[in-house]
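Only one structure is covered here, and it is reproduced in the block below.
The values are calculated or read from the model by the stated rules, or taken from the named source; none is laboratory data. Predicted model, so just to flag it, every value in this text is computed and none were measured. As a convention, Cβ positions derive from the backbone with ideal geometry for all residues, glycine included, and neighbour counts pool all protein chains shown.
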Amino acid sequence: MKIAVVGAGAIGGYLGAKLALAGEDVTFIARNRNLAAINANGFRLIAEDGTEHVARNVRAVEKMADAGRQDAVLLTLKAHQVKDVLPELRALFGPDTMVVTMINGVPWWYFHKLPGPYEGQHLESVDPGGVIASFIEPERIIGSVVYPAAELVEPGVVRVIEGNRFTLGEPDGTRSPRIEQLAGAMMKAGFKSPVSKDIRGEIWVKLWGNLCLNPLSALTHATLEDICRFPASRELVATMMREGQQVGEKLGVEFKISIDKRIAGAEAVGAHKTSMLQDVEHGRALELEALVGSVVELGRITGVPTPTVATVYGITQLLAATLAAQRGKLVVQPA
């Protein structure tokens, strides 16, 4: 398969390198030092056990038009970055090109082919003005939930922290020939890539934790285990998860584990800083709308109150605005 990776960071690098090592035709869309490093040295992957593999049969381009039409485009950006690549993105599209959304949070296409009364609704929080939907035909979409953790340690070099599962799913739940082809390529590369009949349910499993743990960590600078073990914050997490569950259930999602088990799973991860806390510490834009604002909007659409989620969302919005205005970052350091 011809596969373009849009977002040559940690997850994109992990995916692209392993797919290339398995024989797929991989092109990274990259810039600056990352672009130069990939073209000079290939993409180096440091596995969980410390072994290293170099995918030399890859190329990197800055302009998407130089990559040409692809069989699949893997979007491994953060949700708020998608709009920035839209003007060029269509250069990668042929008649049957799949767009695989490997992005945290509620996707802009959530209501596409969703059975029930909400089909066709628009999510302003993640796609203001419907700009993304106007550029990317919904028929191209393959949903995905990203479970691994990895880090870009230097240009063209990714270290895998843990995990190799990328769930895939058609928005309408079918097991189409194209998703079978994509899942086959992923599995050949060594990934666990089950095809889900309910990709939105999979999205909610991860979102359920992200909607509360990410903003609380950004506000408090606490790790996952600290948030889950401190009684007041643990109860706050549980309250936010209850509100989120009520929204999800109104949309037809079945939650197959309890809130206590979901919190215990987050606690078991240990002294981990969420992606949103890392963004606060590095002065990067926060992935707030897809992870939290979208849940507030879904609550409005379904008529489900989300007062606690909305309050935490508002406070975190202020933090994000303050950091952006000051072009600053916040890091807790020893006194």
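Overview of results
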{"item": "Failed item, numbered, when Leu152 is tested on (1) in a strand (DSSP E or B); (2) in contact with an Asp or Glu (Cβ under 9 Å, 6 or more places away or on another chain)", "result": "(2)"}
{"item": "Residue in the stretch 94-112 that is in the same structural domain as Gly9 (by TED's automatic domain parsing), in a helix (DSSP H, G or I) and surrounded by fewer than 16 Cβ atoms within 10 Å (Cβ to Cβ) present", "result": "no"}
{"item": "Identity of the residue in the stretch 167-191, of a type outside the set (A, V, I, L, M) and outside any loop (DSSP other than H, G, I, E, B), that ends up nearest to Glu24 (Cα to Cα)", "result": "Lys188"}
{"item": "Residues of the stretch 177-230 satisfying the condition of being touching a strand residue (DSSP E or B) at 6+ places or on another chain (Cβ under 9 Å) and surrounded by fewer than 18 Cβ atoms within 10 Å (Cβ to Cβ)", "result": "Arg178, Glu180, Gln181, Lys192, Pro194, Lys197, Asp198, Lys206"}
{"item": "Spans of strands (runs of 3 or more DSSP E) in the stretch 7-87 with at least 1 residues among the polar types (S, T, N, Q), touching a residue at least 60 places away in the same chain (Cβ under 8 Å) and in the same structural domain as Gly143 (by TED's automatic domain parsing)", "result": "70-75"}
{"item": "Residues of the stretch 24-75 classified as of a type outside the set (S, T, N, Q), under 24 Å from the mean Cα position of the chain (by Cα) and buried (at least 20 other Cβ atoms within 10 Å of the Cβ), total", "result": "18"}
{"item": "Residue list for the stretch 231-271, filter: exposed (fewer than 15 other Cβ atoms within 10 Å of the Cβ) and not in a helix (DSSP H, G or I)", "result": "Gly252, Glu254, Lys256, Ile257, Ser258, Gly270, Ala271"}
{"item": "Qualifying residue in the stretch 69-80 (condition: farther than 30 Å from Leu213 by Cβ and β-branched (Val, Ile, Thr))", "result": "no"}
{"item": "Residues of the stretch 1-23 satisfying the condition of being of a type outside the set (A, V, I, L, M) and crowded, with 21+ Cβ neighbours inside 10 Å", "result": "Gly7, Gly12, Gly13, Tyr14, Gly16, Lys18"}
{"item": "Condition met for Glu139 (in contact with a strand residue (DSSP E or B) (Cβ under 8 Å, 6 or more places away or on another chain), charged (D, E, K, R) and either outside any strand (DSSP E or B) or not assigned by TED's automatic domain parsing to the domain that holds Ser294 (or both))", "result": "no"}
{"item": "Cβ-Cβ under 6 Å pairs, at least 6 apart or on other chains, the stretch 236-249 side in the same structural domain as Asn214 (by TED's automatic domain parsing) and under 10 Å from Val309 (Cβ atoms), far side aromatic (Phe, Trp, Tyr) and in a helix (DSSP H, G or I)", "result": "Met241/Trp208; Gly244/Trp208"}
{"item": "Test result for Thr306, hydroxyl-bearing (Ser, Thr, Tyr) and more than 19 Å from the chain's Cα centre (by Cα)", "result": "yes"}
{"item": "Selection from the stretch 258-279 of residues that are touching a residue at least 24 places away in the same chain (Cβ under 8 Å), under 30 Å from Tyr118 (Cα atoms) and of a type in the set (Val, Ile, Thr)", "result": "Ile263"}
{"item": "Count of residues meeting criterion [touching a residue at least 12 places away in the same chain (Cβ under 8 Å) and over 19 Å from the mean Cα position of the chain (by Cα)] in the stretch 284-303", "result": "4"}
{"item": "Out of Gln317, Gln245, sole residue that is under 29 Å from Asp198 (Cβ atoms), at pLDDT 95 or above, polar (S, T, N, Q) and more than 19 Å from the chain's Cα centre (by Cα)", "result": "Gln245"}
